[in-house]
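Below is one structure, written out as structure tokens; the observations come after it.
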Amino acid sequence: MTTAVRSHTMLTLTEVCDELAVSRSTFYDWRAKRRAPRCIKLPNGDLRIRRSDLDHWLDDREDAA
């Protein structure tokens, strides 16, 4: 998969929670506190997260030990 295609991949909330190993309620708590990755709210109310936004969000939380 090319980088251009990968960067536009949209993940479901379930996929993101599975990858981060957190519950849906934890993700919503982070979102309420503005600590979650950027989300796109679809007209039906579902959330999607761009793969690139999740990757950037994770990079920003990396601890330089």
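The values are calculated or read from the model by the stated rules, or taken from the named source; none is laboratory data. Since this is a predicted model, take the numbers as computed values, not measurements. All Cβ positions, even for glycine, are placed from backbone atoms using ideal geometry, and neighbour counts span all protein chains on display. Only protein heavy atoms, including side chains, enter the accessible area calculation; ligands, DNA and RNA are left aside. Shrake-Rupley method; radii C 1.70, N 1.55, O 1.52, S 1.80 Å.
Being in contact with a Lys or Arg (Cβ under 8 Å, 6 or more places away or on another chain) and closer than 17 Å to Glu15 by Cβ narrows it down to one residue among Arg31, Arg38; which is it?
Answer to the selection: Arg38.
Taking region 24-44 on its own, how many of its residues are more than 13 Å from the chain's Cα centre (by Cα) and not in a helix (DSSP H, G or I)?
Qualifying residue count, region 24-44: 4.
For region 28-38, which residues satisfy the criterion of being touching a Phe, Trp or Tyr at 6+ places or on another chain (Cβ under 9 Å) and open to solvent by less than 100 Å² (accessible area, probe 1.4 Å)?
The answer is Ala36, Pro37.
Name, by its number, the condition in (1) modelled with pLDDT of 95 or more; (2) open to solvent by 60 Å² or more (accessible area, probe 1.4 Å) that does not hold for Leu11.
Condition not satisfied by Leu11: (2).
Can you confirm whether region 45-55 contains a residue that is assigned to a helix (DSSP H, G or I) and among the aliphatic types (A, V, I, L, M)?
yes
Looking only at region 41-57, which residues are free of Cβ contacts under 8 Å to residues at least 12 places away in the same chain and of a type in the set (A, V, I, L, M)?
Within region 41-57, just Leu42 meets the criteria.
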